[in-house]
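Before any comments, here is the structure.
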């Protein structure tokens, strides 16, 4: 309790208000349903507001790996991805414009939940 009060006093002295929001910086992994199959998912967020996401699917007819990269912004409990680069099995996919997506998210300790529309909810665990 005493440590919590000291921490709160330190935040107030530093001019920080509101609740502490855990950082999403680092590497996260989990799974995501894509139609009838499940993909292994890995997201990496850096301190310069750049991200990379990887989706890997394997089945009896082959495997598929997609990688997206770009920048991100956080406002409250929403994250906006600006996808600039994309590859499918190592082949660059050219886009005429930047793909922009905004989703709600939550961080609970080492768990990151991306709410990408019903029923698409991706639950990730912090790796690093």
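Please provide three numbers in whole Å: the alpha-carbon extents of region 67-128 along the principal axes, with the largest listed first.
The Cα atoms of region 67-128 stretch 36, 24, 24 Å along their principal axes.
By how many nm would the segment from residue 98 to residue 38 grow when fully extended, if each residue of separation counts as 0.36 nm and the alpha-carbon distance is taken off?
Contour length minus the Cα-Cα distance gives 18.9 nm.
Packing-wise, with mean Cβ within 10 Å as the measure, how do 104-111, 63-70 rank, highest first? Before the final figure, lay out the partial values.
Values: 104-111: 12.9, 63-70: 15.9.
The densest-packed peptide leads the list: 63-70, 104-111.
Got the relative contact order for region 32-128 handy, in percent, Cα pairs under 8 Å and 6 or more residues apart?
Working: 178 pairs, mean separation 16.4, N = 97.
Relative contact order for region 32-128 comes out at 17 percent.
The numbers here are math on the coordinates, done by the rules we state, and not lab data. Owing to the predicted nature of the structure, the values given are computational and were not obtained by experimental measurement. Please note: Cβ atoms are built from the backbone with ideal geometry, for glycine as well, and neighbour counts cover all protein chains shown.
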